[in-house]
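Heads up, the thing below is written out as structure tokens.
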Amino acid sequence: MNIDGGCHCGRVTFHAVVDPERVMICNCTDCQTLSGSPFRVVVRVSEDEFHLESGALKTYVKTGESGKKRAQRFCPECGTHIYATSAEATAEGEPRRFGIRVGTIRQRRDLVPKRQFWHRSAQPWLGELASIPTAETQ
């Protein structure tokens with residue numbers, strides 16, 4: 001599936017080819033803190049299927065619970081997280097995998113999560129969202 005997207009301020013834009021079956025929810029505490037939300041939705045894509053169209057990304061490297069270093073790539077102007085990837089080099093000739101933040105993708109409505117990870121950190125009230133009153137606008 002061809003997708004495109006960008007950051008909140010519009011400085012960073014990209015396009016990619018993704019497999020909609022590779023959309024997942026991450027409930028880890030790092031994703032909660034970095035996103036300011038109870039989870040983050042990502043779609044995994046090979047580095048060679050991701051193309052930065054405009055702007056330049058800033059990198060923040062975080063060591064996860066596993067001990068692996070993860071490079072968080074984001075817009076230096078507005079701070080929108082675009083993707084994360086391994087900070088270490090991959091085996092020669094092997095592309096890195098990017099976890100593109102689904103909220104930055106224009107076609108996000110079509111990217112339904114298929115799996116959840118780090119569920120032990122999931123907020124216990126997430127299953128109750130359907131019972132909370134809603135409003136269509138603010």
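Of the residues examined, VAL41 is not one that is in contact (Cβ under 8 Å) with a residue 12 or more places away in the chain, touching a strand residue (DSSP E or B) at 6+ places or on another chain (Cβ under 6 Å) and loosely packed, with under 13 Cβ neighbours inside 10 Å.
Among the residues of region 53-98 satisfying the criterion of being of a type in the set (Gly, Ala, Ser) and in a strand (DSSP E or B), which is farthest from the chain's Cα centre (by Cα)? Before you say what the answer is, go through the steps one by one.
Residues of region 53-98 that are of a type in the set (Gly, Ala, Ser), as a first pass: 54-56, 64, 66-67, 71, 79, 84, 86-87, 89, 91, 93.
Retained after the next criterion (residues that are in a strand (DSSP E or B)): 54, 71, 84, 86.
Working: SER54: 18, ALA71: 12, ALA84: 7, SER86: 13 Å.
The extreme case among them is SER54.
Selection of region 118-138 for residues being in contact with a helix residue (DSSP H, G or I) (Cβ under 9 Å, 6 or more places away or on another chain) and either closer than 30 Å to GLU49 by Cα or free of Cβ contacts under 8 Å to residues at least 12 places away in the same chain (or both) yields only TRP118.
Taking the condition of being of a type outside the set (Asp, Glu) and either exposed (fewer than 11 other Cβ atoms within 10 Å of the Cβ) or assigned to a loop (DSSP other than H, G, I, E, B) (or both), how many residues in region 102-138 meet it?
Final tally of qualifying residues: 23.
The number of residues in region 8-23 being surrounded by 15 or more Cβ atoms within 10 Å (Cβ to Cβ), charged (D, E, K, R) and either out of contact with any Ser or Thr (no Cβ under 9 Å at 6 or more places or on another chain) or in a strand (DSSP E or B) (or both) comes to 1.
Would you mind stating whether GLY5 is of a type in the set (Gly, Ala, Ser) and outside any strand (DSSP E or B)? Give the derivation first.
Values: of a type in the set (Gly, Ala, Ser): yes; outside any strand (DSSP E or B): no.
When the stated conditions are applied, GLY5 does not pass them.
Total residues in region 24-52 satisfying the condition of being within 22 Å of PHE14 (Cα to Cα), of a type in the set (A, V, I, L, M, F, W, C) and not in a strand (DSSP E or B): the figure is 2. Of everything in region 99-138 that is within 19 Å of the chain's Cα centre (by Cα) and of a type in the set (Ser, Thr, Tyr), the residue that is farthest from PHE14 (Cα to Cα) is SER121.
Readers should treat all values here as calculations from the given coordinates under stated rules, not as data from a laboratory. Just so it is clear, the structure is predicted and the values come from calculations on it, not from any experiment. Glycine also receives a Cβ, built like all others from the backbone with ideal geometry; neighbour counts cover every protein chain displayed.
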